[in-house]
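Chemist: The following block contains the structure, expressed as structure tokens.
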Amino acid sequence: MNKRSESCHIVNALIRSHSKFGGGRQWAGIFTSNGISMIQVQTSSQTNFENVSGIGGLGDGSSVSLRGLLFESTPNPVLIADKVRKR
């Protein structure tokens, strides 16, 4: 079930290096080896949510997959989320 967010939210995502399929480890290593342990994630009314009704359905420690545009920024990179999938 896909749903859209009602408004804009900004959250921080801690990069974890575990993945059921193994691909997550490779991507996490790219970030952590460059000193990046957190990415700021921005959602909007255009963000698609899967397996969760919206940002309010996520809590600390929730595992998610994210899709969107990633921008270099200080102090943390910013991901403009197109899709958020709760794992």
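Chemist: Would you pull out the residues with amide H under 5 Å of Ala13's amide H, same chain only if 5 or more places away, H placed 1.01 Å from N?
Modeler: Ile39, Gln40, Val41
Chemist: Quick one: length gained pulling Ser53 to Arg85 fully straight, 0.36 nm per residue minus the C-alpha distance? List each step's numbers first, then the result.
Modeler: Working: separation 32, 0.36 × 32 = 11.52 nm, distance 1.03 nm.
Taking Ser53 through Arg85 to full extension adds about 10.5 nm, to one decimal.
Chemist: Using each residue's phi in segment 66-75, evaluate 6.51 cos²θ - 1.76 cosθ + 1.60 at θ = phi - 60° and report the 3J(HN,Hα) Karplus result to the nearest Hz, with x for Gly and Pro.
Modeler: Once θ is set to phi - 60°, the couplings for segment 66-75 become 10, 10, x, 8, 10, 10, 6, 7, 10, x Hz.
Chemist: Could you pull out every residue, at least 5 positions away or on a different chain, whose amide H is within less than 5 Å of the one on Asn76? Hs are placed 1.01 Å off N in the peptide plane, and Pro or chain starts have none.
Modeler: The answer is none.
Chemist: So for the pair Ser33, His9, with labels modelled 7 Å out along Cα→Cβ, what separation do we get in nm?
Modeler: In this crude spin-label approximation the distance works out to 3.3 nm.
Chemist: May I pose another question? Please rank Thr47, Thr32, Thr74, fewest neighbouring Cβ atoms within 10 Å first, as an exposure proxy.
Modeler: Numbers: Thr47 23, Thr32 13, Thr74 6.
Going from sparsest to densest Cβ surroundings: Thr74, Thr32, Thr47.
Chemist: Counting alpha carbon pairs within less than 8 Å and at least 6 residues apart, what relative contact order, in whole percent, applies to segment 25-87? Walk me through the numbers on the way to the answer.
Modeler: On the way: 85 pairs, mean separation 26.3, N = 63.
In percent, rounded to a whole number, it is 42.
Rule-based calculations on the coordinates, nothing more; no lab input. Bear in mind the structure is a predicted one, so any value in this text is a computation, not a measurement. All Cβ positions, even for glycine, are placed from backbone atoms using ideal geometry, and neighbour counts span all protein chains on display.
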